[in-house]
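The values are calculated or read from the model by the stated rules, or taken from the named source; none is laboratory data. These figures come from a predicted structure and were not determined experimentally. Here Cβ is always computed from backbone atoms with ideal geometry, including for glycine, and neighbour counts include all displayed protein chains.
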Amino acid sequence: MIESGLVRLRRRRVSPASNPVPRTVFEDAARLRGFVLDPAQHEAIEQLCAPGCPNIYLWGPPGRGKSWLAEMYWSAFPGTNKVRVHFHEFFRDLHAELRRHHFDLEASLDRLIGSAELVYFDEFHVHDPADGTFVARLVPALLARRIRLVVTSNYPPRELLPNPLFHDDFVPTIELLERCATVVALDGPLDHRVHSDHTRGFASGTWATTPSDRQLRQLGIERPAPPERRILVPAGRPLRALRAREDCLWFDFHDLCGHITAPADYLALAENWPEWVIDGIPNLLVAGREPAQRFANLVDVLYDRGVRCVFVSDVAVPELVATAGPVERDIDRLRSRLTELRRLQDTSSRTEAGRSRTRR
């Protein structure tokens, strides 16, 4: 399958052309936001705007500006014949189209990206061997099309599908990516998400550590009553919600991440509920590998969709992500995204302890 894709690629290779996005787009946007572009970002801009360089693979630690740069490029690219999609979302939609088109990959891609001149994939990654087999078919098919491909990832191509039992089989796909795209590392020292203004989207949410009922009321929420429980079927599998009102979707961690769920479920729910509460979040080391990975995937979806969420946990964020543990591959991204949230911590126990010392 890869081999036939390479044949098509040689036949339909995109010819060099002048780049339609000037460097000043990024410089002006950075100036308006009040920050200075670092050397790695300048290098990424040079490559994004270089003539005759259609495909770019931007990788680096979380919060270094990969998505911002790709988003600016996508927004400034002229016309409307372009596609921007999170890789979780694309996988979901592609699987649906494959079933509809009797597993004809080309017909499915025609449906999803049509004749787009630019396709931007955010958060590209390959961890699962089954996903690796699928991506090995997908990458040649995408590169064979007359498109400009922009990809962001936390991982360099050589670290995709790291499982040593399956990595060697994926190496031809990695080499294809490295040949057909300019790979740029954004590895500056500053995580820009740490300086979030908490005013909108995901960053306007809260991480609440053992909050009291009074503190939850201060956030504008109250714990659900048993009659509010609902069974939702967002993407074919039933999920129990503790509350599913128009203004709030409330889940217990175990109901959402403790058994088989997938990004397709989270994406479908995020389309209808812009505000969530996730309750009962344990230490991820205690939760186990699969629930912890589902939680990391959930945070990816909520972040990308700008969902405002209150996370209720027995542990603070630094303790939750203090060690790689069961989500070793995604721990840096998870830590970076949760760091953006407001913090709320129950201080009643410390206050009582202070009173006891005073009385003594």
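Which ones in the stretch 51-79 are touching a strand residue (DSSP E or B) at 6+ places or on another chain (Cβ under 8 Å) and of a type outside the set (Phe, Trp, Tyr)?
Across the stretch 51-79, the qualifying residues are CYS53, PRO54, ASN55, ILE56, LEU58, GLY60, LYS66, SER67, LEU69, ALA70, GLU71.
Looking at (1) modelled with pLDDT under 90; (2) closer than 27 Å to PHE134 by Cβ, find the lone condition where TRP74 falls short.
(1)
Given ARG111, ARG84, ARG99, which one is more than 16 Å from LEU160 (Cβ to Cβ) and in a strand (DSSP E or B)?
Sole residue among the options that is more than 16 Å from LEU160 (Cβ to Cβ) and in a strand (DSSP E or B): ARG84.
Looking only at the stretch 280-300, count how many residues are of a type outside the set (A, V, I, L, M, F, W, C) and in contact (Cβ under 8 Å) with a residue 40 or more places away in the chain.
Total satisfying the criteria: 2.
ARG146: among the charged types (D, E, K, R), assigned to a loop (DSSP other than H, G, I, E, B), surrounded by fewer than 19 Cβ atoms within 10 Å (Cβ to Cβ) and at pLDDT below 95, yes or no?
Considered against the rule, which asks whether it is among the charged types (D, E, K, R), assigned to a loop (DSSP other than H, G, I, E, B), surrounded by fewer than 19 Cβ atoms within 10 Å (Cβ to Cβ) and at pLDDT below 95, ARG146 comes out as yes.
Within the stretch 202-230, can you find the residues that are within 21 Å of PRO318 (Cα to Cα) and outside any helix (DSSP H, G or I)?
GLY205, THR206, TRP207, ALA208, THR209, THR210, PRO211, SER212
Every residue, every condition in (1) out of contact with any Ser or Thr (no Cβ under 8 Å at 6 or more places or on another chain); (2) at pLDDT below 90; (3) of a type in the set (Ser, Thr, Tyr); (4) closer than 24 Å to GLU159 by Cα, yes or no:
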{"site": "ILE278", "(1), (2), (3), (4)": "yes, no, no, no"}
{"site": "ILE281", "(1), (2), (3), (4)": "no, no, no, no"}
{"site": "ARG294", "(1), (2), (3), (4)": "no, no, no, yes"}
{"site": "VAL307", "(1), (2), (3), (4)": "yes, no, no, no"}
{"site": "VAL310", "(1), (2), (3), (4)": "no, no, no, no"}
{"site": "GLU319", "(1), (2), (3), (4)": "yes, yes, no, no"}
{"site": "ARG329", "(1), (2), (3), (4)": "yes, yes, no, yes"}
{"site": "ARG335", "(1), (2), (3), (4)": "yes, yes, no, yes"}
{"site": "GLU340", "(1), (2), (3), (4)": "no, yes, no, no"}
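Can you find even one residue in the stretch 1-23 that is buried (at least 19 other Cβ atoms within 10 Å of the Cβ), at pLDDT 90 or above and not in a loop (DSSP other than H, G, I, E, B)?
Checking the stretch 1-23: not a single residue is buried (at least 19 other Cβ atoms within 10 Å of the Cβ), at pLDDT 90 or above and not in a loop (DSSP other than H, G, I, E, B).
Name the residues in the stretch 274-296 that are farther than 20 Å from LEU344 by Cβ, buried (at least 19 other Cβ atoms within 10 Å of the Cβ) and either under 18 Å from the mean Cα position of the chain (by Cα) or among the polar types (S, T, N, Q) (or both), would you?
PRO291, ALA292, GLN293, ARG294, ALA296
HIS127 passes all but one of (1) surrounded by fewer than 20 Cβ atoms within 10 Å (Cβ to Cβ); (2) modelled with pLDDT of 95 or more; (3) under 25 Å from ILE331 (Cα atoms); which number fails?
Evaluating HIS127 over (1) surrounded by fewer than 20 Cβ atoms within 10 Å (Cβ to Cβ); (2) modelled with pLDDT of 95 or more; (3) under 25 Å from ILE331 (Cα atoms) leaves (2) as the failure.
Given ALA76, ALA70, ALA50, which one is in the same structural domain as THR152 (by TED's automatic domain parsing) and surrounded by 19 or more Cβ atoms within 10 Å (Cβ to Cβ)? I'd like the intermediate steps shown before the answer.
Numbers: ALA76 fails: surrounded by 19 or more Cβ atoms within 10 Å (Cβ to Cβ); ALA50 fails: surrounded by 19 or more Cβ atoms within 10 Å (Cβ to Cβ).
Criteria check complete, one pass: ALA70.
State whether the residues of the stretch 61-76 include one that is within 24 Å of the chain's Cα centre (by Cα), within 22 Å of ARG333 (Cβ to Cβ), assigned to a strand (DSSP E or B) and aromatic (Phe, Trp, Tyr).
no
Tally up the residues in the stretch 208-261 that are among the small types (Gly, Ala, Ser) and crowded, with 19+ Cβ neighbours inside 10 Å, please.
3
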